[in-house]
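Report on one structure; see the data block that follows.
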């Protein structure tokens, strides 16, 4: 192959007979899958429903890192169920407390040139290791475990050339914040962000992982770095050197779009509430009082990050008016910090050491005080995601976070003095005892707690749809807006009837009740509807409540796929001005003789016509007509069993 990008090379080895034509659907063979407990229980219920005796991927992993608070039996029951499923179907199980799925995957499993599908939107973290790693809904991951290809639109490839070298106190987080400022939260939709150029070799694998992790916030399908000597050194330090292979784009690779970032010119950046693309220079906000600082998450919890934090905190104390929490991404990180004596400065500074888990990033603990300012090294700062609706959450690097924790206010970290020199180990201390191999299990019994409810059955799409407009949203509605996070709601992830009662509870607390009373209806949305996490509950709950159609100006990629997977008709306005003409209570009607690319909706209330687009592939159409992806797969499996 010549003139090809790295992404195109890997995709070409994993697609069926289709050509890699931009904006045309391709079927991608998936080598690896991962799930986490927040989305995993539903994914495995879906996998069980397919009737497949064992996984058909090269490797599948089940991590427990989200729903860690065990206030009652529900999360604990889910974890037990997940361990039983893993043993029965041939899946490696990562026990609670082992760490965050993306950090663990990068350390112990990521392999250049492979494909990974994960039921978490930050699965592209593994792109820092030269993988095509894509976040998707749980049903898509379940289908991949069953041997089905992953269908997606062939993305454009955006070449991001890095030149120069990061200056002291400027880090990988500032790189991706700059890219978010340039692209916005919807600028990466149906694109792959591919990094190249001389600046790449100055970045470690964990730094590359930070950048690919937050590429998800642009809406990108995935992000990828080449596999080079830096990758090899990291794999050898992890005792996995035999998995390395060199992978890079051709010198004359042709990209659809070009961006150039001079690392030498970057300075510390900060994303203001309530969006990751609301980016300014830290120096512009100096002096703002800070109530809380949280360091961790799958974006910034690597050994590299926490070594820097430890060095900056050594011999110092956290400001009396600021709370600092630190959560390592894995037990490996914690053990390496402990052995080198770098855990001690964190503890002595007054930092609160949390479990190796997602924690505050998804609203599990550490909700800020009323109206508080919180600086976090996380990837999202959507309104209310922290658990406090009026909190002001800012996204920063570990260096900027530490400076704020020490000073009680936003401070340019370059004012902290000399940048510490850290030493990364030639060989990491390795301990894989918290990964349970299927062969290690004495039993493969699957135990289901009372909160683990069967999947609802959904009927095929009728020829005529009519409903009331029950909700009208603005732009950039998030999956957190549709189904919020937090310990109370996330413990209901395996119980669709119960979790559905929380649908849009922070947007319109009457929505779920009205939807149930009217036997469903229609939602109208703005631009980038459904941005954020991969949680398919944001499609499942509205579907359970009877939502038949969602009309939006545009959809986020993963949420669009989830709507199709569960048989909700996703329509976009031909003329976006028609959005303004629809109000709550309007009765809309759509007759479907066939699923054409353009359809006409009748607003019965106003006696007006609305032209809408339906951009579905042939596979998507079959899924919608069957009542969703699971119904179609079950139907195909039944037909195959009936065939002599």
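What to note about this one:
- Average silhouette area of the range 115-213, convex hull of alpha-carbon atoms, in square nanometres: 6.6 nm²
- As a calculated quantity, the FRET efficiency between residue 593 and residue 507 at R0 = 30 Å, using C-beta atoms, amounts to about 0.30.
- Among 513, 5, 402, the order by Cβ neighbours within 10 angstrom, fewest to most, reads 513, 5, 402.
- Computed on the chain, with alpha-carbon pairs under 8 angstrom and 6+ residues apart, the relative contact order is 14 percent.
- Fewest-first sequence of 537, 79, 274 by Cβ atoms within 10 Å of each Cβ: 274, 79, 537
- Calculated log₁₀ intensity ratio I(q)/I(0) where the Debye formula runs over C-alpha points of the range 6-265, q = 0.07, 0.15, 0.17 Å⁻¹: -0.24, -1.06, -1.31
- Each principal axis of the Cα atoms in the range 253-376 has its own extent, and those three values, largest first, are 49, 38, 28 angstrom.
- With q set to 0.17, 0.20 Å⁻¹, the log10 of I(q)/I(0) for the range 306-397, from the Debye formula over equal scatterers at the Cα positions, is -0.76, -1.00.
- Cβ-Cβ FRET estimate between residue 634 and residue 262, R0 fixed at 51 Å, reported to 0.05: 0.45
- Cα-based equivalent ellipsoid, the range 189-230: semi-axes from gyration tensor eigenvalues, Å: 19, 10, 7
- Acute angle (nearest 10 degrees) that the helix 172-183 long axis makes with the longest principal axis of the chain, alpha-carbon atoms: 40 degrees
- In nm, spacing of pseudo-spin labels at residue 242 and residue 163 (7 Å Cα→C-beta vector): 4.3 nm
- Residues 591, 148, 399, ranked from the fewest to the most other C-beta atoms within 10 Å, line up as 591, 148, 399.
- Burial order of peptide ranges 177-185, 288-296 (average beta-carbon count within 10 Å, highest first): 288-296, 177-185
- Average Cα contact separation per residue, the range 6-265, under 8 Å, 6 or more apart, as relative contact order %: 23 percent
- The chain: calculated mean residue ellipticity at 222 nm from DSSP helix runs of at least 4, using -39500 (n - 2.57): -8000 deg cm²/dmol
- Percent RCO, i.e. relative contact order, over the range 487-644, from Cα pairs under 8 Å lying at least 6 residues apart: 17 percent
- Peptides 560-571, 542-553, 343-354 ranked from most to least packed by the mean count of surrounding Cβ atoms within 10 Å: 560-571, 542-553, 343-354.
- Multiplying the residue separation of residue 514 and residue 54 by 0.36 nm and removing their Cα-Cα distance gives an extension gain of 161.4 nm.
- Mean projected area (nm²) of the alpha-carbon convex hull when the range 497-596 is viewed from all directions: 6.7 nm²
- Principal axis extents of the Cα atoms in the range 339-450, from largest to smallest and rounded to whole angstrom, are 56, 43, 23.
- The peptide list 260-266, 140-146, put in order of mean Cβ contacts within 10 Å with the highest first, becomes 140-146, 260-266.
- Fraction of the pair-distance distribution of the range 41-105 above 21 Å, Cα-Cα pairs, percent: 23 percent
- Percentage, to the nearest whole number, of Cα pairs in the range 464-642 over 23 Å apart: 38 percent
- In this structure, residue 576 and residue 439 have a Cβ-Cβ separation that, at R0 = 35 Å, corresponds to a calculated FRET efficiency of about 0.05.
- Within the chain, percent of DSSP bridges classed antiparallel, to nearest 5: 35 percent
- Three principal axis lengths of the chain [C-alpha, angstrom, descending]: 70, 56, 55
- For the chain, the longest principal axis of the C-alpha atoms and the axis of helix 629-642 are separated by about 70°.
- In this simple spin-label model, placing a label point 7 Å from the Cα along the Cα-to-Cβ direction at both residue 252 and residue 202 gives a separation of 2.9 nm.
Values quoted throughout were computed directly from the atomic coordinates according to the rules given, and no laboratory measurement underlies them. Just so it is clear, the model here is predicted, and its values are computed rather than measured. We place every Cβ from the backbone using ideal geometry, glycine too, and count neighbours over all the protein chains shown.
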